[in-house]
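Report on the following structure.
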Amino acid sequence: MERAYSLLEIKSVDGERRIFSGIASTPELDRHGDILDPAGVTFRNPIPLLWHHDQKQPVGLVHLTAAPDGTLLFEASIPTIDEPGPLKTRVDEAWQSVKAGLMTGVSIGHAAVIGAMETLKSGARRLKKTEICELSLVTVPANKRASILLVKSLAAPARLENRMKPTPAADHVQALENKRAALAGRLTEIMTTAADEAATLTDDQSTEYDGLELQVKSLDKDLQRWRELEKLQAATATPVPAIVPGRTTTAYPVISVKPNVPIGTAFVRAACALLSCNGNRHEAAQYADQRWRDSTPEVSLYLKAAVAPGTTTDATWAAPLVNTGISNEFIELLRPATILGKIRGLREVPFNTKVPSQRAGGTYGWAGEAKPKPVTKLAFTSTTLPVNKVAGIIVLTEELVRLSNPKAEDLVRRDMIAGIAQFLDNQFIDPAVALVAGVNPASITNGAPTAAATTNPLADIMGLINHFATNNISVDGLTFILSAANALSLSFRTNLDGSPEFPGLSINGGNYKGLQFITSNTAGANIVALQPDLILYADDGGVTIDASREASLQMDSAPASPADATTVYVSLWQTNNVGLRAERFITWLKANPNAVKYLTATNWPAPTGLSGGEGTEAARRARAS
């Protein structure tokens, strides 16, 4: 059973009979990544009212009704128990919590109908058809709007105190607009029905239409008043002061609820659960649910979802499993560690798809009156990015997998991230990496124009910029890749007045005059300049993880290919080891041979003899020249 958290608005409370009613509005995205569609909700009255979704602790009964506009209404009753005991204590506590305003939210327990789920681009699931099995009283619902907003009317003698803050005008405006839209839709429906039947309105239709029309006019007046109040509230609101680095100011923190585990933990735990259960996804889901239910419940959901085989295009079978979010979590941690993850503006294209590009322009000239105009032509070509992949195998002992704790998981995660990130960085900018058809792309610097660096950083940077301008390539968005040492040297340099010569740069790179500087130690002594718009790259956006206990491997970082009689294999089964294989499909290509230029033997030393932000006279003269 799953849960959907909804907005609760208490409308009335009968203190003598312990009855209260309310509205469960259209649900929003909850912590489980689900969106409940009220139009597809089914139920059988009465349903149990539970205490915090505990099926062993019922506190009452609930009757649900669905309004024409899809709003879900409920009336809940909590019985009065005279006989002392655990049941009386439980229901009394529930009722007192509701009356005191301590229980401020509700949560619907539901079962989704198989085949009635839609996966959105964001990865969330829209549940089109669900059966509501229970309604629970909760204190901290997952939905930020799931709380008791307003007590409209109370029945004596029990009076429920409204201890909440007044509802903002914007919420009233939204509620009135929703109600008006529903009424206007009914008016349109009445007139459309009459038009289809080519008849006038009946007496009942006329009476209903006139009544609805009056309600719409009344709502319009209320909306006008609330919109004016909303403007007044906005005008008198106190803006949140900006937090300026280096200054003492009041900080208003943004509060969010996240698992207290490092990013990537769920990804690694899913792999470890599969390994511990010999690849059986059903057992792995149960294993993950028992071990990590509180910290990473998405691991169990991910493993459960992929039990049955299917295709990524079948919306009712396996398509919802494509965006489960765990493998993407690994990419989220991997990309910022690589150069590709830092460069803004790379042109992303699909694998094995022709990308047209223009190689030459036409010829144009002046033409006099009644004179023939020149005929010209353009030159075009196309480029295709083949499928290439980065892969690696990590061998772990059975003991490490079964007895994994956060330290062991962190070890696996760090090794996979650091290894793939370092390899991709090196392959992307190492001039020695040449194209091997069907295996790997050439680096962007392979065959690119180059020059030797000087001791004048500004002159070197201008020289790289002039290369692009000379070749009619836009300098807007140019990106420079350099080592952290060279970036730090630039950040130390000052002008004659002591101000930074390269403001905005630090050991981590930064921006200077609209240019982007990215640091990577794989750059070494090279300074790489590139126009991202002319670098094509394809990336499937995911990492595939496979595990095996029975395979035999060449325990070598450079395995023999093809294998021969001298190749030595090690049995994972015999040595009680587990093999974890990671693959990522990615490639890149320069769309223009002049899209990249790099400097070699760069060693920009920091100015010497600095004192109080100024250098020696000789150093200042050198910089001035």
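When Asp497, Asp533, Asp476 are checked against the criterion of being out of contact with any strand residue (DSSP E or B) (no Cβ under 7 Å at 6 or more places or on another chain), within 30 Å of Pro350 (Cβ to Cβ) and of a type in the set (Asp, Glu), a single residue qualifies: Asp476.
For residues that are of a type in the set (Val, Ile, Thr) and at pLDDT below 85, scanning just the stretch 44-71, find the one that is nearest to Trp95 (Cα to Cα).
Per the criteria, the residue is Thr65.
Here Thr80 meets the list (1) more than 17 Å from Leu135 (Cα to Cα); (2) in a helix (DSSP H, G or I); (3) touching a residue at least 40 places away in the same chain (Cβ under 8 Å) almost entirely, failing just condition (2).
Would you point out which residue out of Asp222, Asp210 is under 30 Å from Ile19 (Cβ atoms), assigned to a helix (DSSP H, G or I) and modelled with pLDDT of 80 or more?
Asp222
In a residue-by-residue description of the stretch 574-581, the property of being outside the structural domain of Cys272 (by TED's automatic domain parsing) and free of Cβ contacts under 8 Å to residues at least 60 places away in the same chain applies to at least one position.
Quick grid of which residues meet (1) assigned to a loop (DSSP other than H, G, I, E, B); (2) touching a residue at least 60 places away in the same chain (Cβ under 8 Å); (3) not hydrophobic (A, V, I, L, M, F, W, C):
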position	(1), (2), (3)
Pro431	yes, yes, yes
Ile465	no, yes, no
Asp476	yes, no, yes
Phe480	no, no, no
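Going by the conditions given, is Asp539 surrounded by 12 or more Cβ atoms within 10 Å (Cβ to Cβ), assigned by TED's automatic domain parsing to the domain that holds Ala591 and closer than 19 Å to Asn440 by Cβ? Yes: the conditions hold for Asp539. Exactly one residue out of Phe428, Phe480 is within 30 Å of Arg584 (Cα to Cα), touching a helix residue (DSSP H, G or I) at 6+ places or on another chain (Cβ under 6 Å) and either at pLDDT below 90 or not basic (Lys, Arg) (or both): that is Phe428.
Would a scan of the stretch 434-446 turn up a residue that is over 24 Å from Trp588 (Cβ atoms) and either surrounded by fewer than 21 Cβ atoms within 10 Å (Cβ to Cβ) or in contact (Cβ under 8 Å) with a residue 40 or more places away in the chain (or both)? No, there is no match, as no residue in the stretch 434-446 is over 24 Å from Trp588 (Cβ atoms) and either surrounded by fewer than 21 Cβ atoms within 10 Å (Cβ to Cβ) or in contact (Cβ under 8 Å) with a residue 40 or more places away in the chain (or both). If you go through the stretch 579-611 and keep only what is at pLDDT 80 or above, farther than 28 Å from Ala523 by Cα and hydrophobic (A, V, I, L, M, F, W, C), you end up with nothing. Could you check, for the stretch 554-564, whether at least one of its residues is surrounded by fewer than 18 Cβ atoms within 10 Å (Cβ to Cβ), assigned by TED's automatic domain parsing to the domain that holds Ala451 and not in a loop (DSSP other than H, G, I, E, B)? No.
Being at pLDDT 60 or above, at negative phi and surrounded by 12 or more Cβ atoms within 10 Å (Cβ to Cβ) is a property that Ala619 lacks.
Close Cβ contacts (under 9 Å, 6 or more residues apart or on different chains) running from residues in the stretch 380-394 that are under 16 Å from Asp539 (Cα atoms) and in a strand (DSSP E or B) to residues that are at pLDDT 80 or above and aromatic (Phe, Trp, Tyr) comprise Lys389/Phe585; Val390/Phe423; Val390/Phe585.
Of the residues making up the stretch 482-516, those that are in contact with a Leu (Cβ under 6 Å, 6 or more places away or on another chain) and part of a strand (DSSP E or B) are Leu505, Tyr512, Leu515. Has the stretch 506-515 got any residue that is of a type in the set (A, V, I, L, M, F, W, C) and closer than 24 Å to Arg584 by Cβ? No: zero hits.
Pull up the stretch 113-150, narrow it to residues that are within 28 Å of Val59 (Cβ to Cβ) and under 24 Å from the mean Cα position of the chain (by Cα), then point me to the one that is modelled with the lowest pLDDT. Per the criteria, the residue is Ala146. Kindly indicate the residue of the stretch 215-234 that is without any contact (Cβ under 8 Å) to a residue 24 or more places away in the chain and not hydrophobic (A, V, I, L, M, F, W, C) and also surrounded by the most Cβ atoms within 10 Å (Cβ to Cβ) among those meeting that condition. Step by step, filter the stretch 215-234, then rank; the result is Arg225.
To keep it simple, each residue is scored yes or no on (1) under 30 Å from Leu176 (Cα atoms); (2) among the aromatic types (Phe, Trp, Tyr); (3) in a loop (DSSP other than H, G, I, E, B); (4) modelled with pLDDT of 80 or more.
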{"position": "Glu230", "(1), (2), (3), (4)": "yes, no, no, no"}
{"position": "Gln233", "(1), (2), (3), (4)": "yes, no, no, no"}
{"position": "Pro239", "(1), (2), (3), (4)": "yes, no, yes, no"}
{"position": "Thr250", "(1), (2), (3), (4)": "no, no, yes, no"}
{"position": "Leu275", "(1), (2), (3), (4)": "no, no, no, no"}
{"position": "Ala288", "(1), (2), (3), (4)": "no, no, no, yes"}
{"position": "Ala308", "(1), (2), (3), (4)": "no, no, yes, no"}
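With respect to the conditions (1) surrounded by 18 or more Cβ atoms within 10 Å (Cβ to Cβ); (2) over 22 Å from Asn440 (Cβ atoms), Asp533 lacks only one, and its number is (1).
Among residues that are surrounded by 13 or more Cβ atoms within 10 Å (Cβ to Cβ), modelled with pLDDT under 80 and part of a strand (DSSP E or B), Ile545 is included.
The values are calculated or read from the model by the stated rules, or taken from the named source; none is laboratory data. Owing to the predicted nature of the structure, the values given are computational and were not obtained by experimental measurement. Don't worry about glycine lacking a Cβ; one is built from the backbone with ideal geometry, like all the others, and counts go over all protein chains shown.
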